[in-house]
2 protein chains.
Amino acid sequence: MSLDPARLEPMATAIRALSMDAVQAANSGHPGMPMGMADVAAVLFSKHLKFDPTAPDWADRDRFILSAGHGSMLIYSLLHLTGYAAPTMEDIRNFRQLGSPCAGHPENFLLDAVECTTGPLGQGLAMGVGMAMAERHLNATFGNDLVDHRTWVVAGDGCLMEGVNHEAIGIAGHLNLGRLKVLWDDNNITIDGGTDLSTSEDIRARYRATGWHVVDCDGHDFADIERALDEAAATDLPTLVACKTIIGKGAPNKQGTSATHGAPLGPEEIAAARDVLAWDHDPFIIPDRILEDWRATAQRGKDARAQWTSRLEESDHRAEFERRMAGDLPNDIYPDGFFAGLYAEPQKVATRKASQIALEALNPILPETIGGSADLTGSNNTKTAGMEAFSADVPGNRYLYYGIREFGMAAAMNGMALHGGVIPYGGTFMVFTDYARGAIRLSALQQARVIYVMTHDSIGLGEDGPTHQPIEHLQSLRAMPNLLVMRPADVVETAECWEIALRQADRPTVLALSRQGLPQLRLEDKGENLSKRGGYRLKAATSERRVILIATGSETHLAMECAARLEEQGIGTDVVSMVCTQLFDEQDEAYREDVLPNVGPKRILRVSIEAGTTFGWDRYTMLNGMRIGIDTFGASAPAGELFEKFGFTVDAIVPQITNKLNA
Amino acid sequence: MSLDPARLEPMATAIRALSMDAVQAANSGHPGMPMGMADVAAVLFSKHLKFDPTAPDWADRDRFILSAGHGSMLIYSLLHLTGYAAPTMEDIRNFRQLGSPCAGHPENFLLDAVECTTGPLGQGLAMGVGMAMAERHLNATFGNDLVDHRTWVVAGDGCLMEGVNHEAIGIAGHLNLGRLKVLWDDNNITIDGGTDLSTSEDIRARYRATGWHVVDCDGHDFADIERALDEAAATDLPTLVACKTIIGKGAPNKQGTSATHGAPLGPEEIAAARDVLAWDHDPFIIPDRILEDWRATAQRGKDARAQWTSRLEESDHRAEFERRMAGDLPNDIYPDGFFAGLYAEPQKVATRKASQIALEALNPILPETIGGSADLTGSNNTKTAGMEAFSADVPGNRYLYYGIREFGMAAAMNGMALHGGVIPYGGTFMVFTDYARGAIRLSALQQARVIYVMTHDSIGLGEDGPTHQPIEHLQSLRAMPNLLVMRPADVVETAECWEIALRQADRPTVLALSRQGLPQLRLEDKGENLSKRGGYRLKAATSERRVILIATGSETHLAMECAARLEEQGIGTDVVSMVCTQLFDEQDEAYREDVLPNVGPKRILRVSIEAGTTFGWDRYTMLNGMRIGIDTFGASAPAGELFEKFGFTVDAIVPQITNKLNA
């Protein structure tokens, strides 16, 4: 079946008109990209994209990702024209205005049909890799009847230059994600001008080098686009479709230049474009005939969904499939007696090892978990018994060897989480959250259930030295909205944290875990997950309370030892295990006041103990409290010597406290 | 001239022996890489590397970078064997121990001859790109007589997978950095196992796709290595030398496996290796004959330096060349009357524009500055009059179009700063510090004078929405050791900040600059750079002081307006412009106490005002003070509406303050 160019042309023009008019009305935005890719989008939606506007959450829909998120008017136009409930034309009129779901960049939390938030370049494509991974994994698990769809990505030159893109396409090539199709808006323009200002890369050769199929087309020739997309759809390799386009196509004086990239065209140029495009309709007016043609593109998807629904209804896997796609967890995710076992035989283990103990229990009960590591499997302890490598041949396996690609891993995990049906977790060293930070932020912004297993979380990693020792990382992550940072103190808290993290349907978690062994501090079953409160009194003062030690993770046992010494001196001391400041801050005032009574430092001295920057701890210690931490870079030496050098010993800490009390 | 394999063999064996023995003694470390690359290193140092151990800071030395920094025993061995004053054999015996300059990873601040700190993978190679850029730039400026050297990088599979590497090699290919030579330790092994677990990339094709020359060799065949390095040295393209090696070569039972990567070989395997290698010397003992052969490799460099020194002495450029390599600035870096001009005609400009005003004045006086942007030139305002594109053909130009490569830009700037002779500054949006954070941390750790021009530093960027609006970024950067974060409030403070940043020889600076126009608040010449103190009283209370408003950047004028309203109500109010918390914290107690008297919130209420997270502001407001900020993600709308939505107006703030005072 060949498409009719005479129908496609006005459909594409509708996108161009909406895009230039909406950007003009907002007096800000990016008309060039949607105008350049309008023709390609018209073909994609007319012939290939499998979607049903009445069911944006249909599990087996194709995923469409606008990685070049600044061209957001492309996706808003497409969603409106094809008949999604949102955005409405009123929403489009309010493009980039407060309250409109048509934000400057597409936001997955504002529009159901926006698969992921894009704008930070390269990450849309990388999330597409994750979605394609989830698809192949679920296909292997549930079969063609339930899971059989493609991931289509529109990417620009900016996406292709970003490092995360290179990591992502390397993963896609290695896993041979044949359902992933990237449409490259090859317009030779970036913000600064021609791409020849900054790059000489042979993009085609670069993709081929990592196992991709590449096909070219003239992005303004409907027949040629159709041929290329047909070829892309037919091949079983991840595919780059290089669409040679003219940025701002249709704006007669500005097209082909960076002037169309990120600014309104202006009334004169828009008038000239209307002439060239033979578009004599008022802004935001789409003739019925064109709208009908657009709405008709959804019919293939509607039919497909009807058939799919029948298959689902007949499937033996229905309940489990629906549970997984809904992201629901069973009531009990640990086996019976798991915690009782921990209490029965207290153990001294690194929390990274404790994390593995938890995962060994959780993974068999939760088939939706997909583990992995950026080449630190044996250090992060992310692989549990029976987990085998997710590979091109066996995508049903549950363990990812991401390679030395932290950012790519994190972005792929975002894609998997947003696809649904799987819960990804992945590891690297805490210090390398710096490499993945752009994606961690998108986990938080997109409300994605991604679990970061960040081990070696302090100078306790020892000899590798300052490049590998996090100092500012815990606090700099705690400063990020909608992200839980949990730093458990022992094997029990670690297991509690895993349960909390897995049950956060709408936010990601960073688990900060020690390299070094830590004694078990929780020895008694209290019948509840104490870590849920974020911070709790691990030990109460036995004499009049004069000190509260607030500690996290590997410093909690040190706090307990300091408290014992202080109590010996008659100084009543609480120890608060501050597992997660964000959860603690969410508790009601009465609880927080009970744990940290606001009586002033003269009455009760508060002391934070964490082997990282003291920055930000004033909130819990008060300004006149004490903060035991490290405000310089670390050093290379065995961990024990480093803790001593940086003052993390009972002998170093207790006298500071007693001096302060006596001052 | 061909090298004699019979001499090279024991020289390489000395590296292997030192590496396995030092790792064993430390009981931690990475023997596999130095043992695998020992043969290649022996050839490189014997024939090509231009170095003089008696002058590690010789300006025209070749730069040698161990990008695979975990293999640090390779560089420690080489530096010791070739005769550098440090490390001594005692230092090597103390590998990875507290106080030894032979840290787990090579640290540029511990050993003069370590060009840059490596360990975070990919960044060594990317810094090599920056060093090669500096070399070509200085060559164009000072000629072949003074600047004519190569940059040699040893990189592993991990380096090559990292996104930053892809960005960096794209820059190198585009700029045709023919003096850059990368020796790839092609051993097919990563920590998790074989590289085939995680990658299927055709590395050679990938490098060729971006304009590199590629040559292969057997990394254990001296003649073949020599041939390949000769070819690499002769070609005028950036070159990848793919050295096929066996990781841990010489350890008979473990070589070729990941077991040699990151753990001691153990006494038995070391004994077996001594047999295989025919090395019957005690640990840390190098026979004189072998040491002599190693020391002899330095002769070429010593001769070259002698000739170079003669040329320098005769050069007309000597004084300027030496000034630039020393990193010394003139006493006056602004033209006469620059500040007087600012006071004479107060202006309302965005601080990003103010930054350009400063740069327009500074750049003609400081030929060492090299500007650039990651494809946001017109937004970051980093390009000044007369600056033209640094290109393959004209490397003497001073402006870099880095492309959409934030991390690569930052790492390249580190390389340039460490090379010396240039002072790099580069821009992107503040939110994308997330992409570059790994390199920003290395700027700080390496004490490198790099200036980050981070514009669009708040919700004030408006319509682009939450993906582009920094929230946690200012504070998360302030948490990093040895990094100045400066957020100037107006055109005067911005000019002051530029001077402060340029004069920080030992630390990097992030300039946080507004998109939106800001009124000039500094209207009077006080005869000194007030921003130097980090925070200062911009306005003193006119009635009894009851409130101190502590504001930064674009919120400072708002603080001034709030203060005016409060004073109208008889509430004496100071305004402190907190340009840089780190510099403020470095002031003596008397100064800090004067600006922020520690009298308790009942007497004087402290209020911070910054359009970012409140996290960490408690340090300045005290717990019972007030923090006006944003602890959620932003939104897409015009800036004015966002400031209103998020409560950044006089009408929103003042009643909160008066309520608190009356509570």
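The values are calculated or read from the model by the stated rules, or taken from the named source; none is laboratory data. All of these numbers come straight from a predicted model, not from anything done at the bench. Cβ coordinates were reconstructed from backbone atoms using ideal geometry, including for glycine residues, and neighbour counts include every protein chain displayed. Quick note on the areas: whole protein, heavy atoms, side chains included, nothing else; ligands and nucleic acids left out. Shrake-Rupley method; radii C 1.70, N 1.55, O 1.52, S 1.80 Å.
Per-residue answers, yes or no, for (1) buried (at least 24 other Cβ atoms within 10 Å of the Cβ); (2) polar (S, T, N, Q); (3) outside the structural domain of B:Gly122 (by the TED database); (4) within 18 Å of the chain's Cα centre (by Cα):
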| site | (1), (2), (3), (4) |
| --- | --- |
| B:Ser458 | yes, yes, yes, no |
| B:Ser476 | yes, yes, yes, yes |
| B:Asp490 | yes, no, yes, no |
| B:Asp506 | no, no, yes, yes |
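Against the definition (outside any helix (DSSP H, G or I), surrounded by fewer than 21 Cβ atoms within 10 Å (Cβ to Cβ) and modelled with pLDDT of 95 or more), how does A:Val215 come out, yes or no?
Yes, satisfied.
Could you please let me know if A:Ala417 is of a type outside the set (Val, Ile, Thr), within 9 Å of another protein chain (Cβ to nearest Cβ), open to solvent by 10 Å² or more (accessible area, probe 1.4 Å) and touching a residue at least 12 places away in the same chain (Cβ under 8 Å)? No.
Filtering region A:269-284 to residues that are of a type in the set (Val, Ile, Thr) and open to solvent by 80 Å² or more (accessible area, probe 1.4 Å) leaves only A:Val276.
Note on region A:423-436: among residues that are open to solvent by less than 10 Å² (accessible area, probe 1.4 Å) and more than 12 Å from the chain's Cα centre (by Cα), the one that is nearest to the other protein chains (Cβ to nearest Cβ) is A:Asp434. For region B:276-323, a residue qualifies if it is of a type in the set (Lys, Arg) and farther than 23 Å from B:His419 by Cβ, and the qualifying residues are B:Arg289, B:Arg295. When residues in region A:600-642 are screened for being at the interface with chain B (Cβ under 9 Å from one of its Cβ atoms), over 35 Å from the mean Cα position of the chain (by Cα) and at pLDDT 95 or above, 1 of them pass. Check whether at least one residue in region B:172-195 is touching a Phe, Trp or Tyr at 6+ places or on another chain (Cβ under 7 Å), more than 18 Å from B:Met35 (Cβ to Cβ) and away from chain A (no Cβ under 14 Å), and report yes or no. Yes, there is a match, as at least one residue in region B:172-195 is touching a Phe, Trp or Tyr at 6+ places or on another chain (Cβ under 7 Å), more than 18 Å from B:Met35 (Cβ to Cβ) and away from chain A (no Cβ under 14 Å). Taking region A:411-497 as the region of interest, the strands (runs of 3 or more DSSP E) fully inside it that hold 1 or more residues being of a type in the set (Ser, Thr, Tyr) are A:423-429, A:451-455.
Scanning region A:99-145 for residues that are away from chain B (no Cβ under 14 Å) and not in a helix (DSSP H, G or I) gives A:Asp112, A:Ala113, A:Glu115, A:Gly143, A:Asn144, A:Asp145.
In the condition set (1) assigned to a helix (DSSP H, G or I); (2) within 11 Å of chain A (Cβ to nearest Cβ); (3) surrounded by fewer than 24 Cβ atoms within 10 Å (Cβ to Cβ), B:Glu226 is compliant with all but (2). Across region A:524-545, the number of residues qualifying as in a loop (DSSP other than H, G, I, E, B) and either surrounded by 11 or more Cβ atoms within 10 Å (Cβ to Cβ) or free of Cβ contacts under 8 Å to residues at least 12 places away in the same chain (or both) comes to 10. The set of residues from region B:364-389 being β-branched (Val, Ile, Thr), within 14 Å of chain A (Cβ to nearest Cβ) and part of a loop (DSSP other than H, G, I, E, B) comprises just one member, B:Thr382.
Among the conditions (1) more than 26 Å from B:Gly262 (Cα to Cα); (2) of a type in the set (A, V, I, L, M); (3) more than 8 Å from chain A (Cβ to nearest Cβ); (4) in contact with an Asp or Glu (Cβ under 7 Å, 6 or more places away or on another chain), B:Ala232 misses just one, which is (4). For region B:428-440, the condition holds for no residue, the condition being that it is over 17 Å from B:Val510 (Cα atoms), at pLDDT 95 or above and charged (D, E, K, R). Candidates in region A:442-456 are the residues that are within 13 Å of another protein chain (Cβ to nearest Cβ) and among the aliphatic types (A, V, I, L, M); of these, the one that is surrounded by the fewest Cβ atoms within 10 Å (Cβ to Cβ) is A:Ala444. Please indicate, with yes or no, whether at least one residue in region A:161-168 is over 21 Å from A:Leu442 (Cβ atoms), crowded, with 24+ Cβ neighbours inside 10 Å and more than 8 Å from every other protein chain (Cβ to nearest Cβ). Checked against the condition, which is being over 21 Å from A:Leu442 (Cβ atoms), crowded, with 24+ Cβ neighbours inside 10 Å and more than 8 Å from every other protein chain (Cβ to nearest Cβ), region A:161-168 yields no hits at all.
When you scan region A:342-363, how many residues do you find that are assigned to a helix (DSSP H, G or I) and in contact (Cβ under 8 Å) with a residue 24 or more places away in the chain?
Qualifying residue count for the region: 15.
Comparison of A:Ala439, A:Ala354, A:Ala358, A:Ala389 shows that the only residue that is under 19 Å from A:Ile171 (Cα atoms) and buried (at least 24 other Cβ atoms within 10 Å of the Cβ) is A:Ala439. When A:Ser554, A:Ser514 are checked against the criterion of being crowded, with 18+ Cβ neighbours inside 10 Å and in a helix (DSSP H, G or I), a single residue qualifies: A:Ser554.
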